[in-house]
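Engineer: Mind looking over this structure? Questions follow.
The values are calculated or read from the model by the stated rules, or taken from the named source; none is laboratory data. Treat the numbers as computed from the prediction; the structure is a model and nothing was measured. Ideal geometry is used to build each Cβ from the backbone, glycine not excepted, and the neighbour counts take in all protein chains shown. Side chains included, ligands, DNA and RNA excluded: accessible areas come from the protein's heavy atoms. Shrake-Rupley method; radii C 1.70, N 1.55, O 1.52, S 1.80 Å.
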Amino acid sequence: MPKSVVFSVLLVVAMFFWGASWPSSKVLVGYTSADVVTFWRFFVAFLASLPLIAVLRIPLRIDGKAFRYLLFAAILNCLYSLMFFVGLNYGSAGKGGVLVTTITPVFVYLLTFGLHKIQKNTNRQMKGNEILGLFLGVVAGICLLDLGSSQTIFSKFNTFFILCALDWAVLTLVCHRLRIHPIAINFYITLFSVVLFSPIFLVQPAILEIFNFDLHFWLMLFTIGVLSTAVGTSIYYMGIAQVGAEKASSFQLLVPIFALLTSYFILGEIPSLLTLVGGGIAIFAIYLINLYKPKIRKNQ
């Protein structure tokens, strides 16, 4: 079987792991506080990444500039995880998974477009498909955020997950500046996140209470730490090398679908009509912004 086919199948599996991390995380914050879950997620992911680094023989050498970028990325990663777990206390995992995974690419595009114009001082204009995609992204956001009142707009659920999407967009741009192996990037961000969160042992007496939890907790922690963070992310990075960045990135459109499906089976969450409509519009918007390539007509 061709490698491209194998990695296409593996990428679907990886996106399933990413989608399943949403309801799994919702279960975890039902057991203990967000800071405790955040630390153990990083720690488990770090342990799971060690065999991958060894088996794949990933080079880990970095210079001072890469170290600074990785440290900044780890800080962003810690903030994202805290907001992620806290936000899950205020709403459904399925809706959160759709909201963050569909709004993030829009933020990435806007930040990239703005930074490019500032740094390059160019007059580059948005293409028609990009403008339409951004418009649909706004429409999708209205649906997903359920903007019916000022209380809804500034609800804790919306606030935390919009900040999550913005944080992850900035993190994406920071990682894009690194010129080391992608799996090494994931390894170092996870390692630095563990180090940054290690003082929790001094201030959080509940940090070791997880060893008293049942099998359900450990299965969910395994899902987000090993399957999603370590295995899923590594498959994605290896998939980029095998099938190309553009094709690999298109598989991310499956994440909100899997987030809704797994939230239904794990938590019994039934998505609202607005979530389904907004998610569908957002997926199409992402396609227009990042994947659609208009055909260039040749002069007759």
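Engineer: If R0 is 22 Å, what FRET efficiency do you get for ASN212 and ASN89 from their C-beta distance, rounded to 0.05?
Structural biologist: 0.55
Engineer: Once you've got the Cα coordinates, tell me which of LYS95/LYS127; LYS127/LYS247; LYS65/LYS156; LYS26/LYS247; LYS65/LYS247 are over 32 Å apart.
Structural biologist: LYS65/LYS156
Engineer: In the full protein assembly as shown, how much of SER21 is accessible to a 1.4 Å probe, in Å² to the nearest 10?
Structural biologist: The accessible area of SER21 comes to roughly 10 Å².
Engineer: Sort MET83, MET15 by accessible area with a 1.4 Å probe, largest first.
Structural biologist: Sorted descending by solvent-accessible area, the residues read MET83, MET15.
Engineer: Report the label-to-label distance for SER250 and ASN129 in nanometres (one decimal), using points 7 Å from each Cα along the Cα→Cβ vector.
Structural biologist: If labels sit at SER250 and ASN129, their model points lie 1.0 nm apart.
Engineer: Give the ranking of PHE135, PHE192, PHE161 by solvent-accessible surface, highest area first, calculated with a 1.4 Å probe.
Structural biologist: PHE135, PHE192, PHE161
Engineer: Could you please report the charge total around VAL86, scoring K, R as +1 and D, E as -1 over all other residues with beta-carbon less than 15 angstrom from its beta-carbon?
Structural biologist: Net local charge, VAL86 excluded: +1.
Engineer: Compare the peptides 37-45, 276-284, 197-205, 215-223 by average per-residue count of other Cβ atoms within 10 angstrom and give them in order, highest first.
Structural biologist: 37-45, 276-284, 215-223, 197-205
Engineer: Something else about it: Considering just Cα atoms, how many Å³ per residue does the convex hull of the stretch 40-145 enclose?
Structural biologist: Expressed per residue, the convex hull around the Cα atoms of the stretch 40-145 is 174 Å³.
Engineer: Averaged per residue, what accessible surface does the chain expose to a 1.4 Å probe, in Å²?
Structural biologist: Per residue, the chain has 52 Å² of solvent-accessible surface.
Engineer: Accessible surface of ASP146 in the full protein assembly, 1.4 angstrom probe, to the nearest 10 Å²?
Structural biologist: 70
Engineer: Then there's this: Whole number please: convex hull volume per residue, Cα atoms of the stretch 159-239, in Å³.
Structural biologist: For the stretch 159-239, the hull spanned by Cα atoms encloses 133 Å³ per residue.
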